[in-house]
Amino acid sequence: MTDLLIIAFETSDGAFNLDAHLRGLRRLQRLETQDIKVATRDEDGAVQLHGPANVPAMQMVGGTIWGLVLGAAFLVPVAGAVAGAATGAVVGQFRDPGVDSAFLQEIAENLPKGGSALCLLVRDMDTDALFKEISAFSEEGHLIQSPLDGEQEDRLRELLQTGKTDS
C-alpha cells in the first residue's frame with residue numbers, strides 16, 4: 001500500500017533541496033518511494049510538474065530486457081528484444097504508476113508564487129530516520145499531507161517549522 005507525503009515550501013528550490021536531502025534515506029531503503037514529483041509555481045503563477053523518471057523510456061528498457069530473455073528461451077533473442085521494447089514503450093505511454101498529475105496540478109496552483117512542493121508516493125518508511133533527516137534540513141516547510149498518525153504528524157509538522165529541535 002502506498003501513501004502520499006507532501007511538503008510545501010515558499011521557495012522555488014525548497015522541494016528540490018529536500019528531495020536531494022532525502023536521497024540517502026532512499027538509497028538505504030529507509031524511505032521507499034514509488035514515485036517522486038516536484039510541483040512548482042513560478043513568479044508569474046505558471047505551474048510545472050517535475051519528475052525524475054521518463055515512464056515510457058523505463059518501460060521500453062524493461063520490455064527490451066524481458067523480450068531478450070524470453071526470446072533467448074525460444075532461440076530468437078533479437079526479435080524478442082525488439083518486440084519487448086515496442087510493447088514496453090506502448091504500455092509506458094498509457095501507464096502512469098505514480099501520483100495523479102491532475103491532483104499535483106491542483107496542489108501546485110495553490111502554492112504561493114515562487115513556491116514548490118515535494119510529493120512522495122511512499123511504500124514504506126522508517127519514521128524515526130525520516131524525522132532525523134527532516135530535523136537536519138535547514139529550510140522551513142509546511143506539511144500538506146502525510147501517511148502518519150496524529151501524534152507523528154504533529155511532530156513532523158513541528159520539525160518542518162523554524163525551530164528544528166528534535167526532542
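Observations on the structure shown:
- Looking at GLY141, GLY114, just one residue is more than 19 Å from ILE36 (Cα to Cα), modelled with pLDDT of 90 or more and either touching a helix residue (DSSP H, G or I) at 6+ places or on another chain (Cβ under 6 Å) or in the same structural domain as ARG26 (by TED's automatic domain parsing) (or both), and that residue is GLY114.
- Filter result for LEU49 (modelled with pLDDT under 90 and surrounded by fewer than 17 Cβ atoms within 10 Å (Cβ to Cβ)): yes
- When residues in region 98-147 are screened for being charged (D, E, K, R) and under 14 Å from the mean Cα position of the chain (by Cα), 3 of them pass.
- Taking (1) closer than 17 Å to LEU31 by Cα; (2) outside any helix (DSSP H, G or I) in turn, GLU153 satisfies each apart from (2).
- ALA81 vs. criteria among the small types (Gly, Ala, Ser), surrounded by 14 or more Cβ atoms within 10 Å (Cβ to Cβ) and at pLDDT 90 or above: no
- Lone unmet requirement of (1) modelled with pLDDT of 70 or more; (2) closer than 27 Å to LEU4 by Cα; (3) crowded, with 20+ Cβ neighbours inside 10 Å; (4) not small (Gly, Ala, Ser) for THR64: (2)
- Some residue of region 85-99 being modelled with pLDDT under 75, farther than 24 Å from ASP35 by Cβ and not in a loop (DSSP other than H, G, I, E, B): yes
The values are calculated or read from the model by the stated rules, or taken from the named source; none is laboratory data. These numbers were taken from a predicted model, which means no experiment stands behind them. When we count neighbours, we look across all protein chains shown, and the Cβ atoms used for this are built from the backbone with ideal geometry, even at glycine.
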